[in-house]
Each structure stands twice: as C-alpha cells, then as structure tokens.
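The values are calculated or read from the model by the stated rules, or taken from the named source; none is laboratory data. Bear in mind the structure is a predicted one, so any value in this text is a computation, not a measurement. Glycine also receives a Cβ, built like all others from the backbone with ideal geometry; neighbour counts cover every protein chain displayed.
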Amino acid sequence: MNSLADFVIVSAMLFGIGIYGLVTKRNALRLLFAVEIMINAANLNFIAFGQYLPFATGAQASAPNALGQTFVLFSIALAAAEAAVILAIVVVAYRLHHDVDVSELKSLEG
Amino acid sequence: MMVVTVGSAIIALEAKEIVYGAIGLAGSLFGVATLFFLLNAPYVAVFQIAVYIGAVAVLILFTVMLVRQEKWAKEVRSTSFTRLAGAVTGLAVVLALSLAVLATNLSQFTNLTNSATFVDIGRLISTGDSPVLEVLALVLAAAVVGALTLSKVEREDKTQ
C-alpha cells in the first residue's frame, strides 16, 4: 500500500459504497451516511494526488504543493455545514411526520 | 487500515441498528484520517479527526438517538431488486474506476514527493485563497443560522 494507485482504488471503493447506499437506502440518515462516505472518497483522492504528484512545471515548480490539502480543508468545512443543515432538516421532518423515510415525505413533492 | 476504512463504511450502511451504523461511519472517517497520516498530511488528518469525529459524528449520533425508532431495526429492507440494482451500480463504478486506475501508470508513483507543511497551507489559505476562506465563513454562518431557523419555526408551529 505504497503507491498512488492503492489510495485511488480505496477511494473508488468508498465511492462505490456511497453510490450503493444512495441507491438502496430509504432512511434519510443512511443517505446522509452515504453522502459523507462519498465526500471522504473525494477528499482522499485530493490528498493522494496532491501528495504524490509534484507541482506542475513552471515558476512554482520548486515550491511545495499545498493545494490538495487546502482544498480538502475547505471541503471538510463545507461538509460539516452541509451535515448540520441536513440533520436540522431530518429533525424537522421527524417532528412533522414521525418518520425519516424519504419515500414517505410526500409533502416535499412539488 | 484500508480494510478498516472500507469495512466500517459497509457497516455504516448495512448495520441493522442505526446507532451502530453511526459508529461505523465514525470508524470509517477515522480510517480516512489515518490514511491522511500515511499520506504525510498530518494537519489535514488532525483537522479531519477534530471536525468529523469530534463534531459531525457526535452531531449525527445525537440526531440518531433523537429520532431513532424501534421499528427501524426490524423494518423490512429494501426490495431485492433495489438492493441488486444498487450493488450492481456500486460494483460497476468500483470496477470501472479501478480498471481505469490500473490502466494508467499511477502505480509507479511510490514515494511521496510532497513536503508541504501547515505553514505552506496557511500561506496559501490566507493569501491566494482568502476570498474562498471568507465565502466559506459566510456559508458556515448561513448554514448555522439556517439550521437554527428550521428548528425555531417548527417550535412556533407546535405552540399554535
């Protein structure tokens, strides 16, 4: 587990698990789990490529490449905000419907 | 560590009791954090542990305990067709991506070329990406206000 390909394949597996969860689950919390797993797969990809590949050639070629890590920091913060909003929606939906099954939330249809 | 990460992710989605699912999700996030450590990115790894396991996982766990119902444990699972479709879709994505990765020369990159420290990250965030940082702060504030508003409106409805 030393090469870049290993990390990218683990990321692909996490992404596939997330897709499986999004397709099969009907519980809003499980859907949130699946989305979080997929976000982590994307973050892992960012870090892996950023750490293994050198900076593109050019004036900055000698500078250390912190772009991948920076993107992931932003992504983690965004994911935290997203999780907070989704959990608030789940709690409200539970108070209204006493269930968080997304196929039962008919009132959200247009 | 990769096995722990992927296995915990499967547990998170497939555990019958959703509390165990939340704990599995926390395990998976921790596994990703250790992979960040292995990738020589300790700052991001610590950030991941602090934000995801310290905040998001605990938030999810509290919400799960708040809205959990007994019937979920014995609830009928999705129809077998849906499960099959999901499994096939997920496996197809994994297979396609893995084959694509193995077809390239990514496995030849075996040494970490990068030694960016948190000083470099901080410099990048505070100079080149500072508008991103400000917008992100705005988004976070808006998200918190939105979440609070959602709960507050509901409470007023209850009292009427």
Exactly one of (1) surrounded by 13 or more Cβ atoms within 10 Å (Cβ to Cβ); (2) at the interface with chain A (Cβ under 7 Å from one of its Cβ atoms) is unmet by B:Gly122. Its number? (2)
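Let's see how each residue does on (1) at the interface with chain A (Cβ under 7 Å from one of its Cβ atoms); (2) surrounded by 15 or more Cβ atoms within 10 Å (Cβ to Cβ):
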site: B:Met2; (1), (2): yes, yes
site: B:Thr5; (1), (2): yes, yes
site: B:Gly24; (1), (2): no, yes
site: B:Leu38; (1), (2): no, yes
site: B:Val51; (1), (2): yes, yes
site: B:Gly54; (1), (2): no, no
site: B:Val58; (1), (2): no, no
site: B:Phe62; (1), (2): no, no
site: B:Phe81; (1), (2): no, no
Boolean, B:Ala15 is within 22 Å of A:Arg26 (Cα to Cα) and surrounded by 15 or more Cβ atoms within 10 Å (Cβ to Cβ): yes
Among the residues of the stretch B:81-126, the number that are part of a loop (DSSP other than H, G, I, E, B) and not polar (S, T, N, Q) is 3
Specify the residue that is nearest to A:Leu53 (Cα to Cα); the eligible residues are those in the stretch B:91-108 that are among the hydroxyl-bearing types (Ser, Thr, Tyr) and modelled with pLDDT under 85. B:Ser107
Limited to the stretch A:22-46, what total is found for residues that are within 15 Å of the chain's Cα centre (by Cα), over 26 Å from B:Phe37 (Cβ atoms) and not aliphatic (A, V, I, L, M)? 1
Does B:Val76 meet the test of being surrounded by fewer than 18 Cβ atoms within 10 Å (Cβ to Cβ), among the aliphatic types (A, V, I, L, M), closer than 21 Å to A:Val23 by Cβ and modelled with pLDDT under 90? yes
Consider only pairs whose beta carbons are under 7 Å apart and that are at least six residues apart or on different chains; among these, list those whose first residue lies in the stretch A:49-76 and is within 23 Å of B:Val56 (Cβ to Cβ) and whose second residue is modelled with pLDDT of 60 or more and part of a loop (DSSP other than H, G, I, E, B). A:Gly50/A:Asn65; A:Gly50/B:Asn114; A:Gln69/B:Ala41; A:Gln69/B:Ala116; A:Thr70/B:Asp129
Working only within the stretch B:40-49, note down all residues that are among the aliphatic types (A, V, I, L, M) and crowded, with 24+ Cβ neighbours inside 10 Å. B:Ala41, B:Val44
For the stretch B:4-51, how many residues are aliphatic (A, V, I, L, M) and within 22 Å of A:Gly50 (Cα to Cα)? 14
Restricting to the stretch A:79-96, what's the tally of residues that are without any contact (Cβ under 8 Å) to a residue 60 or more places away in the chain, more than 7 Å from chain B (Cβ to nearest Cβ) and buried (at least 18 other Cβ atoms within 10 Å of the Cβ)? 2
